Structure formats: structure tokens, C-alpha cells
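Comments concern the structure below.
Read-outs throughout are calculated quantities, based only on the coordinates presented, and are distinct from any laboratory measurement. Remember, it's a predicted structure, so these values are computed and weren't measured experimentally. Virtual Cβ from ideal backbone geometry, glycine too; neighbours counted across all protein chains shown.
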Amino acid sequence: MSKPFRGKVALVTGGGSGIGRATALTFAREGAAVVIADADRQGGEETAAIIAERGGQVLFLCVDVTDPASVERMVATTVERFGGLDCAFNNAGIPDGSRSLLTSSQDNWNRVMAVNLEGVWHCLQAELNHMLKAGQGAIVNNSSRSGLVGVPSDAVYGAAKHGVIGLTRAAAVEFASQGVRVNAVCPGLIETELTRARFGDELANLAKMANPLGRMAQPEEVAEAVVWLCSDAASFLVGVALPVDGGSTAR
Ligand SMILES: NC(=O)c1ccc[n+]([C@@H]2O[C@H](COP(=O)([O-])OP(=O)(O)OC[C@H]3O[C@@H](n4cnc5c(N)ncnc54)[C@H](O)[C@@H]3O)[C@@H](O)[C@H]2O)c1
């Protein structure tokens, strides 16, 4: 069977867990050489080991997306090792540590903004600098359902994720004519470490009410959308914020 991403290089931040890991495995299944960038060495190395075991080309890099120098090194090392960068999924993120806007602290604001919004900005700058020289590329940013609608327990996280859509649209319109497509995905409730830590025992019940399908989604269901957005099959998609949420934002 032909592999549409053979000869391409895909970078996934936060590839050591959850949606990022599932996306890294999907890019590899489709033939891409994959760079996994994560602040968590153990998780990142585990994802890399799975891809290597399956015969894929893979590199793990320990990266903190809040540090622009670390992000620049990530792109430089990717290009040095695999000869280019065709696709990037800016996915690394953390949950909101507060339950209400009223109780969210300055520390929580600083941390959530630094990882979930500034991190995407740093990644976009470094990736675009390379892709614009190459005259081609596809980038997907991970926003959230909380980037499209108001979620009471997610004020700061939601502000960051709305910001991710703003960055996505601005980058999309600025660079489309130079061959780089930028889009975003907006996942609903997905079963990962992040949601298990945030919602604990409430998670299963929340999932039943979260969307018209009445079920939890798995990270692979987001991964397929991301890889499709990066593929030539999505050649006319520019600046979209695609809900992957079982219909949650449709009602
Ligand atoms: N799980 C959901 O329901 C859901 C819904 C909507 C959006 N999202 C978004 O999807 C993305 C991935 O979430 P997940 O659920 O897979 O979470 P996860 O916790 O399973 O994975 C997140 C990964 O990001 C990494 N990371 C965190 N901070 C980092 C940093 N500063 N630099 C580099 N890596 C860092 C973590 O080490 C981890 O491997 C996040 O941006 C999250 O906001 C998740």
C-alpha cells in the first residue's frame, strides 16, 4: 500500500503522551520520518521506541516550548538530521489549574499562557522560518473546544486556546501564498493523561454528556484529523479551526 507521507518529515510537540503520541504514530504509519519533541524525556523516548520497533525513522528531542532557544534548536536539529521539515503539529499543552476565573492565580495564568499560547507562537516562528525558505509546508496547531466556546472551569485555558486560533488565522492568511498552510484542530473531551488528571473519577460521566455521540473520544481520532490536514488531500484548507468533538460545539 502506498504511504502518502513517505519522504516527508513531521514534527510533533508534546509527542510523549496522549494526542501527540497518537499523532506521531499516525504520521509514522503513513511513512513520515517523525521528530518527537517533549519536555518529558521518558514519555518522548517511549513514543520513539514504539515507532522504531515498527521500523519507522524517528528522533526524540527534549524540548521546552516555553523557551524560544530550545524551540529554535528543535527545528535546526530536525532539518540537520532529516534534511527538512514538511509538517508540524504544535500540540504541547497543560490543563488549567483553577476551577473558576475567580480563583485562578497569577501563577496559573503565567504557566498556562506560557505553554499553551506562547509555546505555539515560538514554534510557529521557528517552523515558518524554515518552511518559507523551502516554499512549502503544513502546520496544525492544537487548540480546543475551549478555544471556540466559553467553558466555565477553563477561563485561562480557554483564553489561551482562543489565542491559538487567532495565531492560526493570522499565520494562515499571511503565509498561504508562500506555500505554507496553517490550520488548527479543536478537540472535545479526549481520554488522555491530561483529562484523567483534570477530571479524575468524573471523566466517564462527563464524557457521556459532553457530545451527541455520548462517549469519550480516543487520541487516535484527533490524530487522523491532524494528519489529514497536513496531507495533500487537504490542499485547499487554510486557516480553519476544525472541531474534532463528536458534535459538541454543534449544539
Ligand atoms: N485531552 C483533551 O480532552 C484535550 C481537548 C482539547 C485540547 N487538548 C489539547 O491537546 C494537547 C495535548 O493534550 P493531551 O490531552 O494529549 O495531554 P497529555 O498531558 O497527555 O500530553 C501533553 C504533552 O505535552 C508535553 N508538554 C507539556 N508542557 C510542555 C512544554 N513546556 N514543552 C514541551 N512539551 C510539553 C507533556 O510532557 C505531554 O507529553 C494540549 O495542547 C491540550 O490542551 C486536549
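Quick look at the values:
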item: Distance (nanometres) between label positions extended 7 Å along Cα→Cβ at Thr103 and Glu220; result: 3.7 nm
item: Spin-label zone in the stretch 1-38 - amide nitrogen under 13 Å from a point set 7 Å from the Cα of Ala52 along the C-beta vector; result: 36
item: Cross-link reach list, lysines versus Lys8, counting only Cα pairs under 29 Å and skipping chain neighbours closer than eight places; result: Lys133, Lys161
item: Any cysteine of the chain lacking a neighbouring Cys Cβ under 4.7 Å - listed by number; result: Cys62, Cys123, Cys186
item: Residue-averaged [θ]222 nm for the chain, counting only DSSP H segments that reach four residues, each worth -39500 (n - 2.57); result: -14000 deg cm²/dmol
item: Potential extension, Arg6-Val151 segment - 0.36 nm per residue separation minus Cα distance; result: 48.2 nm
item: Nearest-0.05 FRET efficiency for Leu132 and Gln42, computed from C-beta distance (R0 51 Å); result: 0.90
item: Cα centroid separation - the stretch 166-220 against the stretch 63-104, whole Å; result: 16 Å
item: 33 Å tail of the calculated P(r), the chain, as % of Cα pairs; result: 13 percent
item: Karplus-derived 3J(HN,Hα), 6.51/-1.76/1.60, for each residue of the stretch 178-187, Hz, glycine and proline x; result: 9, x, 10, 9, 10, 9, 9, 10, 10, x
item: Simple spin-label estimate for Arg81 and Ala197 in nanometres, 7 Å along Cα-Cβ; result: 2.4 nm
item: Debye-sum result for the stretch 123-251 in log10 I(q)/I(0), which assumes one identical scatterer on each alpha carbon, at q = 0.11, 0.18, 0.21 Å⁻¹; result: -0.41, -0.97, -1.20
